[in-house]
Structures are given as C-alpha cells and as structure tokens.
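Structure record follows, encoded as structure tokens.
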Amino acid sequence: MKDRFKRMLSISPFKIGFIVVILTIFLFLINNPFFYFMELKTLDLRLLSRGIRSPGTETVIAAIDEKSLTELGRWPWSRSTIAKLVDTLKENGARAVGFDVVFAEPDENSSLMQLSEISREIKSIGAVDPRIRKLIDEKKKEADTDTILAKSIKRAGNVTLGYFFYTIQRDIGHLSKNEIEETAENISDFKYQLVRYIGKPYKNPVMKAFAVAPNIGLLSKVAENAGYFNAFPDVDGTNRWSPLVARFGDSFYPSLSIAVLEQYKDWPMLSVVIADYGIERIEMGDIAIPTDEAGRIFINYLGPTGTFPHYSVTDIIHGRLEKDIFKDKIVLLGATATGIFDLRVTPFSPVFPGIEIHATVIDNILHQNFIRRPGWTAIIDIFAIIFLGLISVPVLSRVKAVTGLLFTLVLVVVYVFINRYVFIGYNLWLNLVYPVFTMLVVYVGITVYRYITEEREKKKIRGTFQYYLSGPVIEEMLKDPSKLKLGGEKKDLSVLFSDIRGFTTISEKLSPEDLVHLLNEYLTVMTDLVFKNGGLLDKYMGDAVMAVFGAPLDESDHPMRSCRTALGMMEELRKLQKKWVDEGQPVLDIGIGINTGDMVVGNMGSKMRFDYTVMGDNVNLGSRLEGINKEYGTNIVISEYTYERVKDSFFCRELDSVRVKGKLLPARIYELLGEKKDSEKREGYIKTFEEGLANYKQGLWDDAILSFKRVLEIHPGDYPSEMYIERCENLKQNPPEDGWDGVYTMTKK
C-alpha cells in the first residue's frame, strides 16, 4: 500500500500532460482575463490575415471631413447647414439618414440673439412702423436654426437621430431626478417594440444606463427614429464589440445601427429575445442577429478606413455629386476629420472613424455576415485542448529537447492554419490561445522534468536544520534525529498571528527599496520579541508573522508567553511609529490573534523539503482571530481558550461570541489590554462595557445602547462600543427571525 501511494505521488510525463490539460480547461471555463485578452489579439490577426473584403452597396458616409470644415467653418455648424444637408439627401433619394452626432443643446445663434434684442428695444419705444416689426419677425424665423432643422427633418421623414447614454453613475451627479426624467421623455418613443423571454433570467449583463443625453425636444419630436451611439472599447482600447441593446429604467433601447436599419427595412417587427443567462438574440423581421449575453455583436471589420464610400458634406450641400448617388441608400453622417476626435482603434487601424464602425455593423446585419461563436464551439475548444495536449506526450517523453521543440512548433502551426481556415471560410470563432498554450506548456513541463530526473540526481536533504528558524528547534532535532520524518505529534500549544493593516496601500506609495527597508525594520523587532519569549518563528507570510509557543520544547506557560509577546509587539510598534513619523515614513499598524489548544506539530512537507510547523483547526482559529481585529477596531484578540489560561495575569475584556468562517460552533473572543498591574485605568469603562454586552446578548437593544454610550462618555473613541451601538440599531430595525442566541457570524476571514 505504501509503495502504491508513492507511485501515485510520483511525477511522470503523462501526469504532467494531464495536469496541464486540466489546468488549461479550468482557466478556459473561468474565462481567465489574460487569456481572453490574448485571444482577442489573435482574433485581430485572423481578421488582418483574411484581408480586405468589399461591403454591400447599401451604406455610404456623409463625412464631416477636413474639406468640409475648411469650406463650411469649424464644427459644430449652424443647424441651418445641417438642414440643407437633410434636404439635399432627401432630394437625391436617400432612403434612411442616420446622425452620429447629437444636438443636445439649442443652437447658439448670434443673429437670433441680436434680433431678439432689437425687438425688445422696439417694444420699449412704442409706436414703430409695422413694416419694420414684420421684417424683424421674418428675420427671426430665418435665424431660428433649430426650427429650420426640425422642419427639414419632418419634411424628409427619413432621419434617425443619435444620442448617448450615461453608463457610469458618478457621471450624472450634475443631473437632478427631474432632469433625468425629462430628458428620458425625448427617447421614450424609440424603444424595442417587443421583449420576449425564453427563460427566467438569473442575471442581466446588458449595458445599463443611468441617464441620457438626447437631442433637444424640438428635434426628437419630428425624427423618425433614434438610437444611442455609445462605444465601449476593450481593455487595450480596441473597439471589437457593438452593444445593440441598452437597459434604461425598465425598458430596452436599440443602438444607432439598429435604429437606422429599422427605418431602412421599412419598420419590421423589432424584438429582443432574453434567455436565462442574458440576451439570446435580436430579431428584426426575418433577420436573427446573434449576440453575446450582454447583447453585443463582434464587429466583423471588412477593412481599414475608407472601406465604405465617403462623401464630403460640403460636396453634398453644394451639389457637386451625381444626383442618384444616394438613391435608396443608407447615409450616415459623422466625423472623419482628425480634429473632431471621433476616431477609434480597430484591428485594421489605430485611427478609424467611429461613423464607419456603425456602417460596418449595419453591413454585417444586412448581409448576415456575423463572426459566430455558438455555445457548441466550447466543446470543440475543450476537445482541442485535451487532444493536442496529450497527443504530444508520448513523443516528447522519448525525443531530445530540440526535436521535441520542432515537433511542438509543427503541431502549433498546423492547428493555427486549421483555425484560420475555419475562421475565414465559415466565420466561426474557435479558440486559438488555449490549445496553443497547452502544447507549449506540456513541452516545457516535460522537458524540465526530463532535465531534472535525467541530468541531475538529487542528493538527499542535507543541512535540513538550516530551514528551521530558531535555535531551540535545531537543538531538539540534534537530540532526536528520528524527528526528521514526515508527520508529527499532537501537543497543547499557543499560536500567534500578526499582520500589517493596509499593507498593500502602503506598499504602493513606497519605492521597492524603501518598502524593503521599512518591512525589514519592523520584522526584525517583532522577530526578536518572539525569540525573547521562547517562541518559534514558524514563518513569514509576506508582511504577516506566525509564531508558535510550547514547541519544540515543552513550555507549560506558553499562553502567557504568547500574550506577553503580543503586548511587547504593540509597545515596540508604538516606538517605531514615533520614529517613522519623525522620519516622514508611513506609519504601520498591526492586528494580532492568539489561540491555545491541541495542534499537530512536526516536520511537514515532502521528502525533499519539509518544515517544522503546526497544523489543525486551532491554528486556523488563531488566523481568523487576527482578521477579526478589523471588525472590532482592536489590536490584540485572544480566544476564550487562551483567556482561561491567562486571566489571572492579564487584563482582558470580552468582545463578543462569534462564529468564524469555516467553523460551526461559536467561540467567545477577548481583547487583550495589558497586564493586571495596569488594570486600574481601564476597570471603570470595562465594567460598563460588560453590562452593555450582557444586555446585547439578551436582546435588550435599548439598554445595551445606553450602556455603550456611557462607555463612550468615560472612554471616548472606543470603537467596539461604537460598533455595538450601530449593530443594536440595526437589530432594532431588523430583528432576528429565528430567535437570538447572541452569536455574531463572521462572513469574512
């Protein structure tokens, strides 16, 4: 049985391959962010390697380009200029016009302001020739560009306006609730017509909007349709996805691409289909648009900038183009000029007009030219990981490293070409990164294993004692070498855990050199205290310290030693804090947890490397007690088992009865305050605190609150009292449903 167990634990090439495959499948199933990002990059390469493809002829772009800015003036133009564009496109037979711009504010027209001022002056004069009044009124109508544009849009009857949503809640701080509701009215008629559920949704990953920046009401009322044009690049800044659905309030709204298409397709039934995991698809008449669960489609880019026909707005307005060039077309108005900053990053170009992204999405939907990734492709991906990961094991375990590398590279190249062929030929997205990663890691793992086992024969452990961090351990082992084996013995011990609070935040503010210096200074003082009180420094865990008292040498007073060490740590820490303040260094604070009880102590690890350490539930409880300090605003928390052994020598107060994470039975916890000789300055408020705690455990919330408030009068700033007042107030408002046992359940470690 022992030999069989050894064989099970031994490493072999097949086990390496199997472990790598299992690990890769796990990363695949949890959708590891790094690998997902790398997969997107390889998808960009597949798009580029496919080359440029011609779009359909339905969509063209009316470009706000440098030429238009030169001839028509800087952007934004007067609304009367936009009105001329709308009229011209209508005259030239455009079927649908989409605006990738928003008219969120009334037009700033200086002529209208001047005429209004003149009109007010005339009224103040009194009798004026009626012809002058009439002339001024006519000029005002001509200068009211918002009305001019509204009339033009109404006449055309083919305009879809664009707007954008606020999708980050902090961005709407300047808006009142009434303003949010009023602006929402401007898009209330432009929702998805039908929302169908084919399951009971348990999550809703759809883009959520908190407010909207719509077009002014005058324009919204006359527009045929409207859609949002928010863009959400991936972490590398590349725009790969187009969100076709947004949730605002209780309604779902379409993107600008969908809204323009809805008008172009002569208003087919537009519906969003929601499954239990999110969006299943979007249906537009007879077109089914596959999306991910968030309602996004992966944009199937056809080429770089200029893939779709661009026509300068100034050329359109001035009639320089053939009249039938826009007949029955979708015309999208948007900026392509660099100075207007509507430029995006895409797989084909780092400078790509946002309006052409809308054109691409429209073309993808019209021609159903989608990059598809149905659910069953995950099965193919997992099969590729398993097959490619294990097929190379027999070869790599027999050939030399160079030959194995060549074999692995050939396997990788073959799979890459197969993957690319499926992508280009069928628009099917199969995962590339995970299978390739599996092949490479299997090669590295088996090669390293063979190097270790074949090139170097490890000698048996020598100098094992150097791994023990205290002198007494070495002496104990020298007395009994038989202890140099796996396993251990059960002993009554005390364990101490200490940890620096907010260490991550502090470390971000310091250079590596300063951080190491600060940490070394702190750990040196803490370690000296452990050794001074006869403890064993079990290990450092980053900024945390774990110490054991009562092993390997038997010490019956180990609970006293652990408490004395904890108080000494706090005393020395206060000295260090003063020194750090004087030096302008960050000030560290710590939490300490102590528990006493039976633990397994001995050499634990592997045959090649093991450490003298402790294990068991009582060790875990000590670790939990260190973390509990954050909940109660304390520095040293001990268990009831330690308290019973030190209560005659140390002054403590009971904090609570808690059920820590990972344990079912509750435990009483105490705050270690000092030695008995220093108890007089604390006895007054501690007695009142204990009265409050007793009332709390009996469910007498009001009496408990009064007691804790008296504690704060005696000892201002007592955090446990403040916490209990808040907890009692919450329990008054939300009484326990299943009775009250006075036990608080910790939800965090």
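Restricting attention to region 51-65, which residues are buried (at least 17 other Cβ atoms within 10 Å of the Cβ) and under 16 Å from His367 (Cβ atoms)?
Keep residues of region 51-65 that are buried (at least 17 other Cβ atoms within 10 Å of the Cβ), which gives 55, 58-65.
Pro55, Glu58, Thr59, Val60 - these are the residues of region 51-65 that are buried (at least 17 other Cβ atoms within 10 Å of the Cβ) and under 16 Å from His367 (Cβ atoms).
Can you tell me how many residues in region 259-279 are among the hydroxyl-bearing types (Ser, Thr, Tyr) and either at pLDDT 90 or above or closer than 11 Å to Ile362 by Cβ (or both)? Before the answer, list the steps.
Applying the first criterion (among the hydroxyl-bearing types (Ser, Thr, Tyr)) to region 259-279 yields 264, 271, 277.
Of the ones still in play, those that are also either at pLDDT 90 or above or closer than 11 Å to Ile362 by Cβ (or both) are 264, 271.
Within region 259-279, residues that are among the hydroxyl-bearing types (Ser, Thr, Tyr) and either at pLDDT 90 or above or closer than 11 Å to Ile362 by Cβ (or both) number 2.
Out of curiosity, is Ala378 of a type in the set (Gly, Ala, Ser), in a helix (DSSP H, G or I) and either touching a strand residue (DSSP E or B) at 6+ places or on another chain (Cβ under 6 Å) or open to solvent by 40 Å² or more (accessible area, probe 1.4 Å) (or both)? Spell out the reasoning first.
Numbers: of a type in the set (Gly, Ala, Ser): yes; in a helix (DSSP H, G or I): yes; either touching a strand residue (DSSP E or B) at 6+ places or on another chain (Cβ under 6 Å) or open to solvent by 40 Å² or more (accessible area, probe 1.4 Å) (or both): no.
No: the conditions fail for Ala378.
From the list Ala231, Ala213, exactly one residue is open to solvent by less than 20 Å² (accessible area, probe 1.4 Å) and either modelled with pLDDT under 95 or under 20 Å from Asn300 (Cβ atoms) (or both). Which is it? It would help to see each step written out before you state the result.
Working: Ala231 fails: open to solvent by less than 20 Å² (accessible area, probe 1.4 Å).
The unique qualifying residue is Ala213.
In region 738-749, which residues are among the aliphatic types (A, V, I, L, M) and either buried (at least 16 other Cβ atoms within 10 Å of the Cβ) or without any contact (Cβ under 8 Å) to a residue 40 or more places away in the chain (or both)? Please lay out each step first, then the result.
At the first step, the residues of region 738-749 found to be among the aliphatic types (A, V, I, L, M) are 743, 746.
Met746, the sole residue that qualifies.
Taking Lys15 and the conditions (1) under 24 Å from Phe387 (Cβ atoms); (2) buried (at least 17 other Cβ atoms within 10 Å of the Cβ); (3) free of Cβ contacts under 8 Å to residues at least 40 places away in the same chain, which numbered condition does it fall short on, given that it satisfies the others?
(2)
Ser649: among the polar types (S, T, N, Q) and farther than 22 Å from Leu567 by Cα, yes or no? Walk me through it before giving the result.
Numbers: among the polar types (S, T, N, Q): yes; farther than 22 Å from Leu567 by Cα: no.
The answer is no for Ser649.
For a quick check of your reading: which helices (runs of 4 or more DSSP H) sit entirely within region 66-139 and have at least 1 residues that are farther than 19 Å from Asp315 by Cα and either modelled with pLDDT under 55 or touching a strand residue (DSSP E or B) at 6+ places or on another chain (Cβ under 9 Å) (or both)? Break it down stepwise before answering.
Details: elements: 66-72, 79-91, 110-125.
Correct list: 110-125.
How many residues does region 148-164 contain that are closer than 10 Å to Leu219 by Cβ, assigned to a helix (DSSP H, G or I) and of a type in the set (A, V, I, L, M, F, W, C)?
The total comes to 3.
Scan region 541-590 for residues that are surrounded by fewer than 22 Cβ atoms within 10 Å (Cβ to Cβ) and either assigned to a strand (DSSP E or B) or among the aromatic types (Phe, Trp, Tyr) (or both) and jot them down.
Answer for region 541-590, where residues must be surrounded by fewer than 22 Cβ atoms within 10 Å (Cβ to Cβ) and either assigned to a strand (DSSP E or B) or among the aromatic types (Phe, Trp, Tyr) (or both): Met541, Ala544, Trp580.
One residue is enough: does region 336-358 have a residue meeting the conditions part of a helix (DSSP H, G or I), among the acidic types (Asp, Glu) and at pLDDT 90 or above?
Just the residues of region 336-358 that are part of a helix (DSSP H, G or I), to begin with: 338-340, 354-358.
Subsequent filtering for residues that are among the acidic types (Asp, Glu) retains 356.
With at pLDDT 90 or above added as a condition, the list becomes 356.
Yes - at least one qualifying residue is present in region 336-358.
Looking only at region 525-535, count how many residues are open to solvent by less than 10 Å² (accessible area, probe 1.4 Å) and under 41 Å from the mean Cα position of the chain (by Cα).
Initially, region 525-535 is screened for residues open to solvent by less than 10 Å² (accessible area, probe 1.4 Å), giving 526, 530, 535.
Now narrow it down to the ones that are under 41 Å from the mean Cα position of the chain (by Cα): 526, 530.
Of the residues in that region, 2 qualify.
Which strands (runs of 3 or more DSSP E) does region 625-737 wholly contain that include 2 or more residues that are surrounded by fewer than 19 Cβ atoms within 10 Å (Cβ to Cβ)? First the steps, then the outcome.
Details: elements: 636-639, 650-659, 667-675.
The strands (runs of 3 or more DSSP E) meeting that bar are 650-659, 667-675.
State whether the residues of region 166-181 include one that is touching a residue at least 60 places away in the same chain (Cβ under 8 Å) and either assigned to a strand (DSSP E or B) or over 27 Å from the mean Cα position of the chain (by Cα) (or both).
Step one: list which residues in region 166-181 are touching a residue at least 60 places away in the same chain (Cβ under 8 Å), which gives 167.
Remaining after also requiring either assigned to a strand (DSSP E or B) or over 27 Å from the mean Cα position of the chain (by Cα) (or both): none.
Looking for residues that are touching a residue at least 60 places away in the same chain (Cβ under 8 Å) and either assigned to a strand (DSSP E or B) or over 27 Å from the mean Cα position of the chain (by Cα) (or both), one finds none in region 166-181, hence no.
The values are calculated or read from the model by the stated rules, or taken from the named source; none is laboratory data. Computed from a prediction, not measured in an experiment: that's the story for all the values here. As a convention, Cβ positions derive from the backbone with ideal geometry for all residues, glycine included, and neighbour counts pool all protein chains shown. Quick note on the areas: whole protein, heavy atoms, side chains included, nothing else; ligands and nucleic acids left out. Shrake-Rupley method; radii C 1.70, N 1.55, O 1.52, S 1.80 Å.
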